[in-house]
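So the structure is just underneath, and the comments pick up after that.
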Amino acid sequence: MKASDLMVKALEAEGVEYIFGIPGEENLDLLESLRNSSIKLILTRHEQGAGFMAATYGRLTGKVGVCLSTLGPGATNLVTPAAYAQLGAMPMLMITGQKPVKTSKQGRFQVIDVVDMMRPITKYTTQVVSGDRIPSVVREAFRIASEERPGAVHIELPEDIADEHTSAPLLAPSAVRRPIAEYKSIKAAVDMIEAAKSPVLLIGAGANRKLTSKMLREFVDKTGIPFITTQMGKGVLDETDKKFMGNTALSSGDFVHRVISRADLIINVGHDVVEKPPFFMEAGGQKVIHINFETAAVDPVYFPQLEVVGDIANSIWQINQSIDANCKWQLDFYSDVHDAYIEHKQASEDDDRFPVLPERMVKDVRSAMPKDGIVTLDNGVYKIWFARNYPAALRNTLLLDNALATMGAGLPSAMAAKLVYPERSVVTVCGDGGFMMNSQELETAVRLNLHIVVIILRDDAYGMIKWKQSNMGFNNYGLDYGNPDFVKYVESYGGKGWRIESAGELKSVLEKCLAEPAVHLIDLPVDYSLNDETLNVQIRDLSAKL
């Protein structure tokens with residue numbers, strides 16, 4: 001058969017549902033092969049949007065998301081999504097075109113070394129040099145992308161190779177069982193936990209797996225040990241639980257850091273070094289158990305005393321089977337911290353000032369969203385407020401990026417979430433800066449008849465950098481801009497626009513948007529002026545009293 005047909009059949013054999021992207025001249029053979037395929041092509045308005053959608057598909061499903069671009073400028077537009085998926089541990093395959101490699105009459109026009117370009121930001125990158133190699137190349141790419149730690153892979157399919165004919169057979173996926181931790185390390189972990197006075201469980205990005213979530217739930221229910229989360233560990237356990245002590249959204253000084261400082265043992269599950277350190281170890285201080293798929297990367301602030309290496313869910317299950325739940329741990333202080341954290345959080349959630357405070361905005365979004373509703377975030381200072389104040393009850397119901405922390409991913413992520421879970425409510429919250437970086441994907445969302453809600457937090461500036469600029473003593477310069485009329489903007493694409501003019505309107509408008517299928521956009525003026533007082537002074541002063 002034609003090599004491009006074999007490529008599509010190999011993708012079908014891997015269970016690919018969607019390919020997100022923008023084809024070019026060099027992809028036309030592959031495009032024709034897709035035309036009669038079970039795979040649905042999702043045509044986007046920018047390759048970056050396609051990459052973010054593919055990465056989010058991988059994040060939500062655990063299966064490899066696939067995106068497509070042409071050569072040269074199309075391929076370079078996938079660099080940011082590649083880094084997004086690689087740092088965020090999201091399984092994603094990028095397929096890019098290329099000029100003919102056997103005979104070419106166009107010289108170097110649009111030709112760059114895409115394989116070498118992708119090498120530092122992927123787990124695997126290769127050029128297909130023969131149609132016969134397609135089955136093994138595709139199988140290897142999917143294997144590497146999805147194995148722990150997941151990430152980005154890349155295949156370049158040149159135009160003349162796609163047009164070849166081949167009789168190579170497909171390769172079936174092999175059965176894989178991850179290694180499990182040895183008994184001695186499990187026993188050592190159990191002994192350390194039972195000997196501790198005030199243990200605490202820390203849940204990181206690597207624990208965000210379905211079976212791991214189940215095992216951790218059983219562990220907390222059996223032992224009563226409280227838990228905290230990193231930003232990308234949110235929702236692994238229900239954060240409305242009274243044993244939830246908070247999220248490490250701030251680097252230090254928050255209520256959750258009082259829990260960390262009081263703990264004599266941190267059970268660190270799924271720690272990922274791409275996230276900002278959730279705590280800082282000191283020589284002679286608290287002990288740390290590292291439970292992960294891989295060994296710990298040791299640095300000056302992280303040097304665990306015990307490493308339990310293997311399948312995380314199995315490790316937690318083994319520990320839970322052996323541990324004595326009747327240990328006399330001293331956990332009363334943690335309850336006091338939890339109550340103080342909730343009291344402070346609630347104090348500002350009903351503030352009526354307008355433009356709206358981020359605390360009020362987060363509370364109203366949480367109130368309007370069902371338990372399984374999905375909120376995706378772009379990147380900005382509001383991410384701290386969502387991480388800290390938005391209790392996620394289920395895995396992957398608050399999608400934020402604490403790895404690459406790129407702007408422009410919020411809207412494409414919401415679109416992918418709605419494709420994966422069409423029955424769920426999906427909202428994306430974007431700063432006006434990040435939204436405009438991929439705002440053209442509104443047309444894609446309308447064309448696909450997706451029911452999503454876009455909340456734009458408008459402050460007419462790159463607000464997070466402006467906040468940092470002020471904190472560091474610099475003059476206000478270079479970060480203010482103008483915006484379009486966002487209501488008219490979304491309406492021009494065929495969506496529906498809403499303009500909020502008082503703090504009390506957001507919740508009711510959001511509920512209307514969630515009830516009416518359409519692409520909705522809410523223009524919400526936001527006030528970040530109290531961030532410094534609240535985050536850097538008030539919270540630190542209050543938590544220091546505990």
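Of all the listed residues (Gly408, Gly380), the sole one being modelled with pLDDT of 95 or more, within 30 Å of Ser439 (Cα to Cα) and among the small types (Gly, Ala, Ser) is Gly408.
Collect the residues in the range 109-128 that are at pLDDT 95 or above and either among the β-branched types (Val, Ile, Thr) or touching a Lys or Arg at 6+ places or on another chain (Cβ under 8 Å) (or both), keeping them in residue-number order. Result: Val114, Val115, Ile121, Thr122, Thr125, Thr126, Val128. Once the range 284-314 is narrowed to residues that are crowded, with 17+ Cβ neighbours inside 10 Å and acidic (Asp, Glu), the residue that is farthest from Met192 (Cα to Cα) is Asp311. Each residue in the range 241-266 was checked for being touching a His at 6+ places or on another chain (Cβ under 9 Å) and part of a strand (DSSP E or B), and 3 pass. Figure legend. Inter-residue proximity from the range 274-299: first residues part of a strand (DSSP E or B) and among the hydroxyl-bearing types (Ser, Thr, Tyr), second residues at pLDDT below 95 and exposed (fewer than 15 other Cβ atoms within 10 Å of the Cβ), beta-carbon distance below 7 Å, spacing 6+ or different chains. No pairs are indicated. Out of Asn268, Asn326, Asn320, one residue alone is touching a helix residue (DSSP H, G or I) at 6+ places or on another chain (Cβ under 7 Å) and among the polar types (S, T, N, Q). It is Asn320.
The residues of the range 316-368 that are polar (S, T, N, Q), more than 15 Å from Phe244 (Cβ to Cβ) and either assigned to a loop (DSSP other than H, G, I, E, B) or over 29 Å from the mean Cα position of the chain (by Cα) (or both), listed by number, are Gln321, Ser322, Asn326, Gln330, Ser348. Elements of the type helices (runs of 4 or more DSSP H) sitting completely within the range 468-546 and holding at least 3 residues that are modelled with pLDDT of 90 or more and closer than 18 Å to Cys430 by Cβ: these cover 486-493, 506-515. Within the range 424-440, the set of residues being surrounded by fewer than 24 Cβ atoms within 10 Å (Cβ to Cβ), assigned to a helix (DSSP H, G or I) and touching a helix residue (DSSP H, G or I) at 6+ places or on another chain (Cβ under 9 Å) comprises just one member, Met437.
Okay, residues lined up against (1) within 30 Å of Leu87 (Cα to Cα); (2) surrounded by fewer than 20 Cβ atoms within 10 Å (Cβ to Cβ); (3) outside the structural domain of Lys242 (by TED's automatic domain parsing); (4) at pLDDT 95 or above:
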site: Ser136; (1), (2), (3), (4): yes, yes, yes, yes
site: Arg177; (1), (2), (3), (4): yes, yes, yes, no
site: Met192; (1), (2), (3), (4): no, yes, no, yes
site: Lys197; (1), (2), (3), (4): no, yes, no, yes
site: Thr212; (1), (2), (3), (4): yes, no, no, yes
site: Met215; (1), (2), (3), (4): yes, no, no, yes
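In this entry, Asp264 is excluded by the filter for residues that are in contact with a Gly (Cβ under 7 Å, 6 or more places away or on another chain) and surrounded by fewer than 22 Cβ atoms within 10 Å (Cβ to Cβ). Considering only residues in the range 221-258 that are out of contact with any Ser or Thr (no Cβ under 8 Å at 6 or more places or on another chain) and polar (S, T, N, Q), the one that is nearest to Ser198 (Cα to Cα) turns out to be Thr223. Within this structure, Arg119 fails the test of being in a helix (DSSP H, G or I) and touching a Leu at 6+ places or on another chain (Cβ under 9 Å). If I filter the range 420-434 for residues that are in contact (Cβ under 8 Å) with a residue 60 or more places away in the chain and of a type in the set (S, T, N, Q), do I get at least one hit? Looking for residues that are in contact (Cβ under 8 Å) with a residue 60 or more places away in the chain and of a type in the set (S, T, N, Q), one finds at least one in the range 420-434, hence yes. The number of residues in the range 518-533 being surrounded by 17 or more Cβ atoms within 10 Å (Cβ to Cβ) and either acidic (Asp, Glu) or not assigned by TED's automatic domain parsing to the domain that holds Pro355 (or both) comes to 2.
The values are calculated or read from the model by the stated rules, or taken from the named source; none is laboratory data. As the structure is a prediction and not an experimental result, all values here were calculated from the model. Counting neighbours? That spans all protein chains shown, and the Cβs are built from the backbone with ideal geometry, glycine included.
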